[in-house]
Amino acid sequence: MRIKRAVDQNSTDILSLLMKVNLPTEGVTENIDNFFIIHNNNTIFGSIGIEIYGDVGLMRSLAILPSLQGRGYGMNLVNTLENYAKEKGLKKLYLLTDTAEEFFKKLNYKVIPREKANPKIKESVEFAKLCSSSPLLEKDL
Ligand SMILES: CC(C)(COP(=O)(O)OP(=O)(O)OC[C@H]1O[C@@H](n2cnc3c(N)ncnc32)[C@H](O)[C@@H]1OP(=O)(O)O)[C@@H](O)C(=O)NCCC(=O)NCCS
């Protein structure tokens, strides 16, 4: 099992994984440079990405293949993404989730009212359209 930055050629496998766990696929290909994958001999079984808006980021597309969930891989991917965001000088991460609020609370993310989101996050497709009523969580880095 290894975590690495995604490259263009990984897009198809990431999209297929996201479809398997019912997560939005819009915007992944365009933003592939800010994605990480977890893989074994290049077979992808996990993904995570970030959309960067100035000094804040919107975490998205966290997915682990159902048969491999519950082994700590999800947490490993979040840790990797947080370190990447810190290296890029981001001050805060946001995410929207209908399915994994408790998972993120274990990692010190806090639910905040959607109207308190950074204005740049509010303009993202995920906030405005794809997850337009999902709970919003944030964490200071
Ligand atoms: C959410 C997800 C990424 C977690 O990945 P994972 O590898 O299964 O999680 P981990 O093994 O790292 O779990 C760590 C802890 O969180 C818990 N956990 C995992 N998924 C959870 C969930 N959806 N809700 C609540 N708790 C969860 C685990 O039980 C574990 O708890 P423990 O440390 O007390 O034993 C994975 O379940 C998944 O891909 N789900 C479908 C897609 C999804 O909902 N993505 C989130 C979109 S924002």
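Laboratory data are not the source of any read-out in this text; all were calculated from the coordinates shown. None of the values given here were measured: they were computed from a predicted structure. Heads up, the Cβs are rebuilt from the backbone with ideal geometry, glycines too, and the neighbour counts pull from every protein chain shown.
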Can you give me the distance in nm between label points at SER67 and LYS20, each placed 7 Å from the Cα along the Cα-to-Cβ direction? 0.8
Most mobile listed residue (ALA117, ALA128, ALA85) in the chain, GNM with C-alpha springs under 10 Å: ALA128
Cross-link reach from LYS106 to lysines, straight Cα distance under 21 Å and at least 8 residues apart if same chain, gives LYS86, LYS91, LYS92, LYS139
Taking 0.36 nm per residue of separation and subtracting the Cα-Cα distance, what length does fully extending LEU141 through ASP55 add? 29.9 nm
How about segment 42-141: which trypsin sites (Lys or Arg not before Pro) there lie in a loop by DSSP and see at most 15 other Cβ atoms within 10 Å? ARG71, LYS88, LYS91
Relative contact order [Cα under 8 Å, 6+ residues apart], segment 2-140, whole percent: 20
Taking r as the C-beta separation of LYS91 and LYS122 and R0 as 25 Å, the FRET efficiency to the nearest 0.05 is 0.90
Cα→Cβ-extended label distance, 7 Å offset, between ARG114 and THR80, nm: 3.1
How big is the charge dipole of the chain about its Cα centre, in debye rounded to the nearest 20, if each Lys and Arg gets +1 on its Cβ and each Asp and Glu gets -1 on its Cβ? 400
So if R0 is 35 Å, what FRET efficiency would SER134 and LYS4 give, r being the distance between their Cβ atoms, rounded to the nearest 0.05? 0.80
What nm value, rounded to one decimal, do you get for the distance between ASN40 and GLU101 when each label is placed 7 Å out toward the C-beta? 3.4
When the convex hull of the Cα atoms of segment 1-82 is projected onto a plane and the area is averaged over all directions, what value comes out in nm²? 5.0
Ranked TYR73, TYR94, criterion: other C-beta atoms within 10 Å, fewest first: TYR73, TYR94
Partners for LYS120 among aspartates and glutamates (Cα-Cα distance below 15 Å; same-chain residues under 8 apart left out): GLU51, ASP55, GLU138
